[in-house]
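Remarks on the structure that follows.
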Amino acid sequence: MKRARSIADRIAEFSLGFVSAVNLLFVLVFMAVLLIATGRVRAEETACAGHDLVEELAERDPALLEEMQEEAAAAENGRGLLWRVEGRQGPSSYLFGTMHVSDPRVVDLPSAAREAFAEAGTIVIETTDVLDEREMMAAMAETPGLMMFPPGEDLTDHLTPRERDIVSAALAARGVPLQSVVKMKPWMLIALVSLPACELERQEEGALVLDAKLADQAQAEGKRLVGLESIREQLEAMASLPMETHVHGLIGTLALKDRTDDMIETLIGLYLRGETGMFWPALDRLLPDDEATAQSYAAFEEAMVKARNRQMAERAVPLIEAGGAFIAVGAMHLPGPDGLVSLLRETGYTVTRAD
């Protein structure tokens, strides 16, 4: 038996950790439910209970599954997690898609990725700032306005009366008064409470998400460790989205209720099968959809995926030129015409699937 941590503890320990996974926050922002626990929690109460909805479609709605598969098949570079990048000189580098969770199935690298990691002299992740508590705290101290509302403004200023009732009731049902989190911007609140209880439990017990595990292993083996972004840049990218997008995401998370575990399991299943081109069809077909959601997706994709892809590709060039790099970024950054695989090819590199 273990006492659940306070919301303040969770803010300090989880929120910034997941900022490094902002690409996966696309999923979390629009589909996760509040999982703040109060009182005492038993381990058996936090077992993972999700179902892979894509697999279930084979029996429940094969026509929808076929439609999704056709869309995924049309996605550029929509299969595969490991890609060999051949530079103009020196040894080849590798691009590897990660998922920012600590699920044992995810953190256990496929053999081809293990071999590529072992060969590499430089390990590259999205940001190394999250590995240093002082760097994270400094970023928070320097840019509080990216995460918290300024004096005289709070979350309720951006909610309609109906939305306020929805948020207040959902939080109260979990023992969290709205006023206790009212100064947090919506995306920060969602990042704090959006993962399934089983994932939170693993991380509370010290399990590392895949990217952090790769960084930890790199340091243990004396490899060079490099980040493509700063945590401040990631915070600024998330905060750049319109407030309406954040509020819509918060309301959307509450509407999903107990479907969060299923969606996370669905995405894990797609990831393990290397079906990166299926991420968007799954999100589009399996989540509640309306015009506001579509607009939010478009805004998120541009700010958090496409714009960051361009920046990461540019910063990866000198590492690829030096050779022997293992570049690990969220798998959602790989496919599509604006994905890293295509962008690196446009830069002049030969990029081929290696798994």
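The values are calculated or read from the model by the stated rules, or taken from the named source; none is laboratory data. Everything numeric here is computed off the predicted structure, so don't read it as measured data. Note that each Cβ is placed from the backbone with ideal geometry, even for glycine, and that neighbours are counted across all protein chains shown.
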Top-ranked residue of the range 191-227 - restricted to ones that are crowded, with 23+ Cβ neighbours inside 10 Å and in a loop (DSSP other than H, G, I, E, B), ranked as modelled with the highest pLDDT | Val209
Please list, ordered by first then second residue, the pairs with beta carbon atoms under 7 Å, 6 or more apart or interchain, first in the range 212-232 and among the hydroxyl-bearing types (Ser, Thr, Tyr), second not in a loop (DSSP other than H, G, I, E, B).
-> Ser230/Asp129
Say whether the condition of being surrounded by fewer than 17 Cβ atoms within 10 Å (Cβ to Cβ), at pLDDT 50 or above and assigned to a helix (DSSP H, G or I) is met by at least one residue in the range 30-50.
-> no
Checked pairs for the range 268-295, first part of a loop (DSSP other than H, G, I, E, B) and charged (D, E, K, R), second crowded, with 19+ Cβ neighbours inside 10 Å and at pLDDT 95 or above, C-beta under 7 Å and 6 or more apart or across chains, list as Glu275/Ala72
Only one of (1) in a loop (DSSP other than H, G, I, E, B); (2) in contact (Cβ under 8 Å) with a residue 40 or more places away in the chain; (3) more than 30 Å from Ser93 (Cα to Cα) does not apply to Thr127, and that is (3)
Of (1) within 18 Å of Ala239 (Cα to Cα); (2) in a loop (DSSP other than H, G, I, E, B); (3) out of contact with any Ser or Thr (no Cβ under 8 Å at 6 or more places or on another chain), Val182 satisfies all except one. Which?
-> (3)
Within the range 167-190, restricting to residues that are of a type in the set (Val, Ile, Thr) and at pLDDT below 85, the one that is nearest to Asp103 (Cα to Cα) is Ile190
Select from the range 103-124 the residues that are part of a helix (DSSP H, G or I) and either surrounded by fewer than 20 Cβ atoms within 10 Å (Cβ to Cβ) or β-branched (Val, Ile, Thr) (or both) and list them in ascending order.
-> Pro104, Arg105, Val106, Val107, Ser111, Ala112, Arg114, Glu115, Ala118, Glu119
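Quick check on my filter: what residues within the range 62-82 are assigned to a helix (DSSP H, G or I) and either charged (D, E, K, R) or without any contact (Cβ under 8 Å) to a residue 40 or more places away in the chain (or both)?
Passing the criteria: Pro62, Ala63, Leu65, Glu66, Glu67, Glu70, Glu71.
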Picked from the range 97-126 (must be under 22 Å from the mean Cα position of the chain (by Cα), small (Gly, Ala, Ser) and modelled with pLDDT of 95 or more), the residue nearest to Tyr271 (Cα to Cα) is Gly97
Close pairs (9 angstrom Cβ cut-off, 6 or more residues apart or separate chains): closer than 18 Å to Leu272 by Cβ and aromatic (Phe, Trp, Tyr) in the range 102-124, at pLDDT 95 or above and assigned to a helix (DSSP H, G or I) anywhere = Phe117/Leu214; Phe117/Gln217; Phe117/Ala218
Starting from residues that are at pLDDT 95 or above, buried (at least 19 other Cβ atoms within 10 Å of the Cβ) and over 20 Å from the mean Cα position of the chain (by Cα), keep the ones in the range 84-96 and report whichever is farthest from Ser342 (Cα to Cα).
-> Ser92
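The rows are residues; the columns are (1) in a helix (DSSP H, G or I); (2) among the acidic types (Asp, Glu); (3) without any contact (Cβ under 8 Å) to a residue 24 or more places away in the chain; (4) under 28 Å from Gly222 (Cα atoms).
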position	(1), (2), (3), (4)
Arg315	yes, no, no, yes
Met332	yes, no, no, no
Gly336	no, no, no, no
Ser342	yes, no, no, no
Filter result for Leu25 (at pLDDT below 50 and farther than 22 Å from Gly274 by Cβ) = no
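Yes or no, residue by residue, for (1) in a loop (DSSP other than H, G, I, E, B); (2) surrounded by 15 or more Cβ atoms within 10 Å (Cβ to Cβ):
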position	(1), (2)
Pro150	yes, no
Thr156	no, yes
Ala169	no, no
Ala172	no, no
Gly175	yes, no
Met188	no, yes
Applying the selection to the range 189-211, what residues are in contact with a helix residue (DSSP H, G or I) (Cβ under 6 Å, 6 or more places away or on another chain) and either under 23 Å from Ala141 (Cβ atoms) or without any contact (Cβ under 8 Å) to a residue 12 or more places away in the chain (or both)?
-> Ile190, Ala191, Leu192
